[in-house]
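The values are calculated or read from the model by the stated rules, or taken from the named source; none is laboratory data. If you're wondering where the values come from, they're calculated on a predicted model, not measured in any experiment. Positions of Cβ are backbone-derived with ideal geometry, glycine not excepted, and every protein chain shown enters the neighbour counts.
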Amino acid sequence: MAKLHVKEENSCGVCFSTMVFYRSVSLLSKLRNRVVKQPSLTNSVRWLQIQTSSDLDLHSQLKELIPEQQERLKKIKSEYGKVQLGNITVDMVLGGMRGMTGLLWETSLLDPDEGIRFRGHSIPECQKLLPAAKPGGEPLPEGLLWLLLTGKVPTKEQVDALSKELRDRATIPDYVYKAIDALPVTAHPMTQFTTGVMALQVRSEFQKAYEKGIHKSKYWEPTYEDSLSLIAQLPAVAAYVYRRMYKNGESIPMDDSLDYGANFAHMLGFDSPEMQELMRLYVTIHSDHEGGNVSAHTGHLVASALSDPYLSFAAALNGLAGPLHGLANQEVLLWIKSVVDECGENISKDQLKDYVWKTLNSGKVVPGFGHGVLRKTDPRYMCQREFALKHLPNDPLFQLVSKLYDVVPPILTELGKVKNPWPNVDAHSGVLLNYYGLTEARYYTVLFGVSRSIGICSQLIWDRALGLPLERPKSVTMEWLENHCKKSA
Ligand code: NMX
Ligand code: MLT
């Protein structure tokens, strides 16, 4: 089997302090070169150069931001620590903690009606504000990573610098591929992918730094190193799984000229400009969905034990692999294909209604519809619909998805118990990928997983920077609930 061509790191691993040292030396030498090449520069221009250079470095930006955010949190604790955020009811305890505010998550916030805002920006706003690969194009996911981490919209130069940093970090040790190869090729892609992430953990800088006794005020630095490396490495690991399963193991190396989304598409084997744009949009919109969703919450919980980003993210992926969460994108396309197999592509709305009822009557959910928080159509669905209307308006499966938009909500409303009958992100993603040739539905959750690393890892860096504590809510038994409720009646 052909392997990805990778640049191997020093076999004993590069320790965190050495990396920081090299980063500083390389930054200094870059600055020195620029100043030496232009000896006539005035002091103020030199200073401007120094500022510009650190402006392009995400790590330096964060270092500046962290102290002020630490102060902010301290103030909230001391001034508002005893303010109530609502009452916890028995329904909430028995109902999967729905509606219970219980987590701090800085990178994004979900409004039930408007949908997700990344650091205050809606998806349409991000599509306008974030740098794109071409004028008017879809946002570059690196730009979103910058926004989530700093709260600031990056310039194109900052995004380009981050693209390069991610490419430089995308080295995969050979044993990662060997760990994946130890699994049957028929193992679910999410199992293979998570195995790869666990193998990447061997080089965790956080784990090494902790073993050496790092001071807690510095935790965020090796967390940053691990998080950026993990985000950088995931597309290559994910693509390896795809090529292993579906393309006879013929892997495709990274292209140093491409951005994160385009490179991912390239390593999977798709080089059309439309697929590159789709991948940029896909990764951006799947990146983060506040903190309470299963994958984000799991990652945050596991990281609260000071498990490193690799361990925490692998745990998050295992939650994402469930059919009520990220696996729903696989389920949607398989379900749509079962509709076509049984009724053909030109199915009428009445036939479609019957098929939806048949699914519900057999005790299954209609995948891609409903949500734990959202109460309107997911804006992530809407922007994918807009992409389809622009690029593939006549695709029969897109037209079927559009018919489902008309048919399913009234049926789910008629059921009486479904709180949100509208489509979510997963109702649409599969038909777009399928149109461009990525037809293997079982693989789709891996794409979601790569994307979700951007949100989970960004928050994880802030978890460590803000010194958030071990997460440990109180649980009770049914007997405790009965006694408590009788006493308070
Ligand atoms: N089809 C059939 N029944 C549904 C659906 C649906 N699409 N959505 C909710 N219900 C049922 C739900 O199973 C529950 O039934 P019961 O009381 O018999 O257990 C009842 O309606 C009330 O559920 P809700 O309070 O509306 O939804 P909840 O917050 O519990 O669950 C989901 C949210 C997303 C798990 C649920 O809507 C669902 O199962 N949807 C289909 C799977 C899916 O698309 N998941 C992807 C979510 C997005 N993501 O990427 O993670
Ligand atoms: C997500 O993107 O995580 C899903 O929409 C699920 C959620 O937010 O609960």
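A few points about this structure:
- Residue satisfying all of: in the range 299-309; in a helix (DSSP H, G or I) and over 13 Å from residue 449 (Cα atoms); nearest to ligand 2 (Cβ to nearest atom) among these: 300
- Those helices (runs of 4 or more DSSP H) of the range 164-241 in which 1 or more residues are under 29 Å from residue 61 (Cα atoms) and under 19 Å from the mean Cα position of the chain (by Cα) occupy 189-200.
- Residues within the range 260-298 that are in contact (Cβ under 8 Å) with a residue 40 or more places away in the chain, in a helix (DSSP H, G or I) and within 11 Å of ligand 2 (Cβ to nearest atom), tallied: 5
- The set of residues in the range 242-259 being outside any helix (DSSP H, G or I) and hydrophobic (A, V, I, L, M, F, W, C) consists of 252, 254, 258.
Residue-wise test of (1) polar (S, T, N, Q); (2) within 16 Å of ligand 1 (Cβ to nearest atom).
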{"site": "340", "(1), (2)": "no, no"}
{"site": "365", "(1), (2)": "no, yes"}
{"site": "408", "(1), (2)": "no, yes"}
{"site": "439", "(1), (2)": "yes, no"}
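- Residues considered: 91, 113. Of these, the only one that is touching a residue at least 24 places away in the same chain (Cβ under 8 Å) and exposed (fewer than 11 other Cβ atoms within 10 Å of the Cβ) is 113.
- Output for the range 387-429, where each listed residue is among the charged types (D, E, K, R), part of a helix (DSSP H, G or I) and in contact with a Gly (Cβ under 8 Å, 6 or more places away or on another chain): 426
- Filtered residue count, the range 342-363, keeping only those that are touching a helix residue (DSSP H, G or I) at 6+ places or on another chain (Cβ under 8 Å) and either within 16 Å of ligand 1 (Cβ to nearest atom) or assigned to a loop (DSSP other than H, G, I, E, B) (or both): 10
- Breaking point among (1) surrounded by fewer than 17 Cβ atoms within 10 Å (Cβ to Cβ); (2) within 15 Å of ligand 2 (Cβ to nearest atom); (3) assigned to a helix (DSSP H, G or I), for residue 384: (1)
- Which numbered condition residue 411 misses (of (1) within 23 Å of residue 276 (Cα to Cα); (2) β-branched (Val, Ile, Thr); (3) more than 16 Å from ligand 2 (Cβ to nearest atom)): (1)
- The condition of being under 30 Å from residue 171 (Cβ atoms), surrounded by 15 or more Cβ atoms within 10 Å (Cβ to Cβ), aliphatic (A, V, I, L, M) and at pLDDT below 50 holds for only one of 25, 6, that being 6.
- Being in contact (Cβ under 8 Å) with a residue 24 or more places away in the chain, near ligand 1 (Cβ under 9 Å from one of its atoms) and in contact with an Asp or Glu (Cβ under 7 Å, 6 or more places away or on another chain) is a description that applies to residue 424.
- Inter-residue pairs, beta-carbon under 8 Å, first surrounded by 19 or more Cβ atoms within 10 Å (Cβ to Cβ) and in the range 335-358, second of a type in the set (S, T, N, Q) and modelled with pLDDT of 95 or more, 6+ apart: 335/359
- Looking across the range 333-374, the residues that are within 16 Å of ligand 2 (Cβ to nearest atom) and within 22 Å of the chain's Cα centre (by Cα) come down to 367, 368, 369, 370, 371, 372, 373, 374.
- Filtered residues of the range 441-489 (kept if touching a Pro at 6+ places or on another chain (Cβ under 8 Å) and not β-branched (Val, Ile, Thr)): 442, 443, 451, 457, 460
- Of the residues making up the range 243-261, those that are surrounded by fewer than 24 Cβ atoms within 10 Å (Cβ to Cβ) and among the aromatic types (Phe, Trp, Tyr) number 1.
- Of all residues in the range 359-381, those being of a type in the set (A, V, I, L, M, F, W, C) and either surrounded by 21 or more Cβ atoms within 10 Å (Cβ to Cβ) or touching a residue at least 60 places away in the same chain (Cβ under 8 Å) (or both) number 4.
- Tally, over the range 210-228, of residues that are more than 14 Å from residue 465 (Cα to Cα) and exposed (fewer than 12 other Cβ atoms within 10 Å of the Cβ): 3
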